[in-house]
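None of the figures in this text is laboratory data; all of them are computed from the coordinates on show. None of these values were measured; they are calculated from a predicted model. Please note: Cβ atoms are built from the backbone with ideal geometry, for glycine as well, and neighbour counts cover all protein chains shown.
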Amino acid sequence: MNPLIRVEDLRVSFDSTPVVHGISFELRAGSCVGIVGESGSGKSVTARSLLGLNGPGATVTAETLAIGDTDLLTAPEARLRRLRGAEVGYVLQDALVSLDPLRPVGAEIAEPLRLHGVPRSQREQRVHELLHSAGVPEPRLRARQRSGELSGGLRQRALIAAALALDPGSSSPMSRPLPSTSPSRPRYSTSSSRASAPAGRCC
Ligand SMILES: Nc1ncnc2c1ncn2[C@@H]1O[C@H](COP(=O)(O)OP(=O)(O)OP(=O)(O)O)[C@@H](O)[C@H]1O
Ligand SMILES: [Mg+2]
């Protein structure tokens, strides 16, 4: 089976300062890839490169940078917009600033569903299912709360729920390990978010 993600000699620089120096990896369906490195070594920049989210100041080159049949170096922005959320979910690193403090968490998770045309009548139930599958206890209560009312671990799980909202068929880059919400839970989000998922995971 062909890899879902192919990265070969990825290099990223900002204002001609290199921050990613030629990383290569593949991700196959049902598998996880962990990228380990010290702070500032380019893990998040690598993950963002998979979604074309490094911003206009970034120069991104690679021998290969592809998700499925989509060449990320040449794909038009409209194609990348369809890819984000629907085919690739991205769990942002900083849960506190990634969730709108003024909106209920459930509304945040429902946003990608709304953007991709899921009818309003189906969204609430889907949000509860997503929170449950991301390991959030009392999903109905949590969906009504704002991010400031959740613990750090629950906030990160809410971001995982949002990233998986559209059941991305390809992969879900995650920018860092998930703090466990209880001692019995696995410490890394890749194994706790959806254990039986057929999709690939990249952290
Ligand atoms: N938009 C940007 N403009 C300029 N420099 C950036 C930008 N984004 C990231 N960098 C720089 O790129 C380098 C890699 O950052 P990155 O966020 O990928 O690190 P990381 O490996 O994820 O670190 P951490 O483990 O702390 O999350 C850092 O030196 C960072 O300052
Ligand atoms: Mg990071």
Under 5 Å between amide H atoms, partner at least 5 residues away or on a different chain: which partners does Arg103 have, H built in plane at 1.01 Å?
-> Ser147
What's the Kirkwood radius of the stretch 5-75 in Å, using all Cα pairs?
-> 12.4
Multiply the residue gap between Phe14 and Glu77 by 0.36 nm, knock off their C-alpha separation, and tell me the result in nm, one decimal place.
-> 20.7 nm
Calculated from backbone phi, Karplus (6.51, -1.76, 1.60) coupling profile of the stretch 83-92 in Hz, x at Gly/Pro | 5, 5, x, 7, 10, 9, x, 10, 8, 5
In whole Hz, what ³J(HN,Hα) sequence does the stretch 49-55 give by Karplus (6.51, -1.76, 1.60; θ = phi - 60°), x for Gly and Pro?
-> 4, 6, 10, x, 10, 8, x
Paramagnetic reach from Glu124 (point 7 Å along Cα→Cβ, amide N under 16 Å) across the stretch 130-156 | 130-131, 139-145
Name the residues whose placed amide hydrogens come within less than 5 Å of the amide hydrogen of Val19, ignoring near sequence neighbours (fewer than 5 apart) on the same chain.
-> Val12, Ser13, Phe14
Cα extents of the stretch 1-145 per principal axis, largest first, Å, are 46, 33, 28
Please work out how much length the chain gains when fully extended from Glu138 to Asp100, using 0.36 nm per residue of separation minus the C-alpha to C-alpha distance, in nm with one decimal.
-> 11.6 nm
What relative contact order, as a whole-number percentage, does the stretch 1-139 give when Cα pairs under 8 Å and 6 or more residues apart are counted?
-> 20
Using θ = phi - 60° and the Karplus curve 6.51 cos²θ - 1.76 cosθ + 1.60, what whole-Hz ³J(HN,Hα) does each residue of the stretch 25-36 get, with Gly and Pro shown as x?
-> 6, 10, 10, 9, 4, x, 10, 10, 10, x, 10, 10
Extension length gain for Glu149 and Arg114 (0.36 nm per residue less Cα distance), in nm, is 10.2 nm
In whole angstrom, the spacing between the Cα centers of the stretch 10-30 and the stretch 37-102 equals 11
